[in-house]
Amino acid sequence: MNSSYVAYVDEAGDDGCTPKSSEWLILSAVVTNKATDARTLKTVFDSSRLVLNKSEQKPFHFRRLPHHQRVPYVSQIAGAPVAAITVLVNKQSVWRDRFSDRHRLYHYAIRLLVERISWLSRDRNGTISELMLSTRRGLSSSAVREYLDSLLANPKPSSARANEVRIAPGTMERTKVFTFENEEMLGLQMADAVASGFYNAVEARYGFIEARYARMLKPIVYNYRGRYRSYGLKFFPPPAEKLIETDPRLKWVVEDYSK
């Protein structure tokens with residue numbers, strides 16, 4: 001019997017192109033088995049609240065946690081029976097004219113993420129029953145759902161053309177798309193932690209990055225026959241891949257996600 005999965009999606013950084021904008025836009029998905037989804041999420045957050053002595057009423061916001069609380073929180077996530085997929089967009093490498101329209105870069109990043117969610121489902125002989133996205137300012141929930149519904153309605157197999165949608169056939173034809181505030185769903189809070197963890201590993205502050213969270217998350221990062229890059233970790237656009245070899249701040253990718 002095929003398994004059914006739920007994917008939760010959140011982001012870190014922004015898709016702006018101003019001097020005050022972030023250098024990177026990160027989108028992450030946390031994928032759970034629907035049959036055990038509620039139990040898995042409850043276990044992670046109950047354990048995290050116990051370790052951090054946090055109230056049940058307060059949602060988890062990664063950016064509001066100090067480093068010494070982030071580490072045990074990420075450790076709980078890394079030990080959970082979930083899978084994580086992350087798209088890392090380096091906006092300094094993006095073709096400005098191609099993504100000048102508002103939200104277009106976000107849409108493209110979502111597409112790359114959804115493709116990989118479908119590959120994970122295919123590899124596990126399952127389907128994605130629900131796709132849960134965190135709401136974002138300036139973009140209506142209906143617009144997000146409409147875009148994703150258009151992708152899911154017209155999936156195409158892999159081809160030589162890089163701009164073609166590559167959603168694995170048979171994995172997402174019946175997927176329902178929902179949007180929620182981050183505080184409403186534990187799965188979205190987990191996706192926030194994953195996205196923020198990788199964001200800290202690439203977005204320099206005062207010249208430094210913090211790669212510990214990204215290294216800790218490796219046990220749950222989706223891989224295909226030992227290959228992480230282009231699967232559980234997707235750097236975009238292609239020039240961003242070159243940064244891995246030339247930017248010493250990204251040596252964690254070479255050391256922990258070598259292929």
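Structural remarks
- Taking label points 7 Å from Cα along the Cα-to-Cβ direction, Arg137 and Arg227 give a separation of 3.9 nm.
- Kirkwood Rh (inverse of mean 1/r, distinct Cα pairs), the chain, angstrom: 18.5
- Our summary gives the range 3-256 a relative contact order of 28 percent, counting only alpha carbon pairs under 8 angstrom and 6 or more residues apart.
- Among beta bridges from DSSP that stay inside the chain, the antiparallel ones total about 55%.
- Cut-off 13 Å between beta-carbons: net charge of the residues surrounding Leu65, Lys and Arg +1, Asp and Glu -1: +4
- Close amide H partners of Met185, meaning residues 5 or more places away or on another chain with modelled amide H under 5 Å apart, do not exist here.
- Screening the chain for DSSP H helices whose Cα atoms reach 20 Å or more along their own axis and whose mean Kyte hydropathy is at least -0.5 gives 37-52, 104-123, 186-202.
- Pairs from the table (Lys58/Lys176; Lys34/Lys176; Lys91/Lys234; Lys20/Lys58; Lys58/Lys218) lying more than 18 angstrom apart at Cα are Lys58/Lys176; Lys20/Lys58; Lys58/Lys218.
- Taking the centroid of alpha carbons for each part, the range 203-228 and the range 44-71 are 20 Å apart.
- FRET efficiency, Ser22 to Asp149 (Cβ-Cβ, R0 25 Å, nearest 0.05): 0.30
- Modelled FRET efficiency - R0 25 Å, Lys176 with His103, Cβ distances, 0.05 increments: 0.70
- The chain, helix-only ellipticity at 222 nm - DSSP H runs n ≥ 4, -39,500 (n - 2.57), divided by all residues, nearest 500: -12000 deg cm²/dmol
- Three-way shape call for the range 1-86 based on the alpha-carbon gyration tensor, with the a/c threshold at 1.5: oblate
- Residue exposure sequence - Thr171, Thr135, Thr86, Thr179 - by fewest surrounding Cβ within 10 Å: Thr135, Thr179, Thr171, Thr86
- Electrostatic bookkeeping for Leu50 treats Lys and Arg as +1 and Asp and Glu as -1; over the other residues with beta carbon under 15 Å from its beta carbon, the sum is +2.
- Cα centroid separation - the range 1-38 against the range 104-140, whole Å: 7
Each reported figure results from applying straightforward, stated rules to the coordinates on display, with no laboratory input. Note that the structure is predicted; figures quoted are calculated from it, not measured. Neighbour counts run over all protein chains shown; Cβ positions are idealised from the backbone, glycine included.
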